[in-house]
Amino acid sequence: MCPIEDPRSAIDTFLNRLSPGRLLVAVSGGSDSLGLLTLLHEALAAAPRPGVTLCAATIDHGLRAGAAEEAEQVGSFCRQRDIPHRIARWQGEKPTTGLAASAREARYRLLADLAEDFGTRRIVTAHTLDDQRETIAMRASRTETGDQAPGLSGMAALTLYDCRIFILRPWLACRRQDIRDELTRRDIPWVDDPSNQDLRSERVRTRRTLGVDHGYEAALKTIKAAAEGRRQLSDAAAALLDSRARMIDRTVAVLAPDIADAAPAPLAHAISALIMVLGGRRHLPGREQMDKVMALVTGPYKDRHPDRTTAGRCLIVRSAGGLFIARECRGLPSLRLEPGDTAIWDGRFRITSHSDEPVLVHAGRNADDAAEYRKAETEDLLPPFMRRHADAVAPRFSLLAQPQASRQPDLLSLACKPELGGYDRFLSGFDLELANALAALFGRDGFSRPPV
Ligand SMILES: Nc1ncnc2c1ncn2[C@@H]1O[C@H](COP(=O)(O)OP(=O)(O)OP(=O)(O)O)[C@@H](O)[C@H]1O
């Protein structure tokens, strides 16, 4: 069995590993995060770590009466302890569907911005083993998301958010009740968010089903085994990409013809990562889609008539030259950029306009690009079927910036940097090697381990 960690020892272990610098504690005012701030503050008062200091932030989602007041309460809690604290409010229109996901996205964005204001790249959250169990139970019940076995490892103790901020979770092996006991012993009250009772929320229903009394040790054991499995799978997928994949023009991935002989699980993981990035999505393709793709990859090969399929906005073609994966040629968006603007086109390219007038970015081809593209064709880089999808598959040849005042498309005023899908947004510590293999393939800077 895996031992449940005591919250105070977990904090000491965490602090002992930490390099100097500031930590931003994300405090909602609920028991877990208030407990985290309290125990971090106490541990540092008892045994200061050179250069390690705390600051705190609270996000007011503006979704219920009383939230602003609760944020202020956290503020005064911090003032009493001389901990700098900031509140940020989620402004603007709130969506009617997917509110929880949008609130989460906004929360991380605001927390990351506050961290930068505080001059730190590290945020600590109070996710517990209870949260972890719920997350895993929800993922397990959702077969269509594509979170297969890897998802069952749950949240990572370390995530890189938006390529800029590290999110640290020191309490993933601690129980919520033990944290509450610490607060009760100190007579510190916490806020119980009423939405934690709302049975319309999947998490609340899952919490009720799981209960609180038993199963923690077994759950922790399963989670640790799954986490190790996920890291290994991810590393093996990275090794496959390093040795067997190449890119044409950062937009078509080609896997070596004998790739089908590779171990199926890492192969499927490597291919699904490529599909996510090339298709401009933030999540891996679903299980059914991957079953279809793997049937194409490992099934019998019919010479002269390359097999093909689609998944996650990608076209996947199997031909004598190997397995080709690229964005499908449909639903390609147009994007208007003001001078100096940066925006993400099609989920795939972060584009900066250096033009001094507004430009329209769209897929298409001009004469020079066509000539270059023909060169690529004569070199027979792409299977014939894929050549017809040139507008989508080869943006270097086809992504145009058209100045509003001119009819002449101009390719040179754009700077394009490939996006790496979910890896750029929420890169889990399990996937660091895989994300680096993708970065290398796409000609991007890699991701480094944080100075935790
Ligand atoms: N309003 C908030 N302001 C500041 N920090 C918050 C806020 N809400 C949550 N957090 C931080 O995030 C942690 C997890 O909170 P919670 O479990 O409610 O979020 P979640 O949505 O389930 O998790 P995740 O954000 O990873 O999906 C909290 O312990 C706290 O550290």
Scan the range 437-448 and give yes if some residue there is closer than 29 Å to GLY154 by Cβ, out of contact with any helix residue (DSSP H, G or I) (no Cβ under 7 Å at 6 or more places or on another chain) and at pLDDT below 90, otherwise no. yes
Any hit, the range 96-115, residues being out of contact with any Asp or Glu (no Cβ under 6 Å at 6 or more places or on another chain), surrounded by fewer than 17 Cβ atoms within 10 Å (Cβ to Cβ), under 20 Å from PRO189 (Cα atoms) and in contact (Cβ under 8 Å) with a residue 40 or more places away in the chain: no
Taking MET276 as the residue in question, decide whether it is in contact with a Gly (Cβ under 9 Å, 6 or more places away or on another chain) and outside any strand (DSSP E or B). yes
Leading residue by the ranking (farthest from the ligand (Cβ to nearest atom)) among those in the range 64-100 that are aliphatic (A, V, I, L, M) and either within 20 Å of ALA126 (Cβ to Cβ) or under 25 Å from the mean Cα position of the chain (by Cα) (or both): ILE83
Return the residues of the range 165-203 that are assigned to a loop (DSSP other than H, G, I, E, B) and away from the ligand (no atom under 14 Å from the Cβ); say none if nothing qualifies. ALA173, ARG186, ASP187, ILE188, PRO189, LEU199, ARG200
So which pairs qualify, if the first residue must be in the range 26-52 and farther than 15 Å from ASP131 by Cα and within 11 Å of the ligand (Cβ to nearest atom), the second must be among the β-branched types (Val, Ile, Thr) and in a loop (DSSP other than H, G, I, E, B), the Cβ gap must be under 6 Å, and the two must be at least 6 apart or on different chains? ALA26/THR125; GLY29/VAL191; LEU37/VAL27
Within the range 333-347, identify whether any single residue is modelled with pLDDT under 80 and over 16 Å from PRO418 (Cα atoms), and answer yes or no. no
Exception for LEU18 within (1) within 27 Å of PRO450 (Cα to Cα); (2) within 16 Å of the ligand (Cβ to nearest atom) falls at (2)
So, in the range 438-452, how many residues would count as being touching a Gly at 6+ places or on another chain (Cβ under 9 Å) and of a type in the set (A, V, I, L, M)? 3
The residue from GLU134, GLU105 that alone is within 30 Å of GLU217 (Cβ to Cβ), within 10 Å of the ligand (Cβ to nearest atom), assigned to a helix (DSSP H, G or I) and within 23 Å of the chain's Cα centre (by Cα) is GLU134
The conditions are (1) within 14 Å of the ligand (Cβ to nearest atom); (2) not assigned by TED's automatic domain parsing to the domain that holds GLY66; (3) not acidic (Asp, Glu), and THR222 fails exactly one of them. Which is it? (1)
Single residue of TRP171, TRP90 found to be touching a His at 6+ places or on another chain (Cβ under 7 Å) and within 26 Å of ASP235 (Cα to Cα): TRP171
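The values are calculated or read from the model by the stated rules, or taken from the named source; none is laboratory data. Only a predicted model underlies this, so the values are computations on that prediction, with no experimental measurement involved. Heads up, the Cβs are rebuilt from the backbone with ideal geometry, glycines too, and the neighbour counts pull from every protein chain shown.
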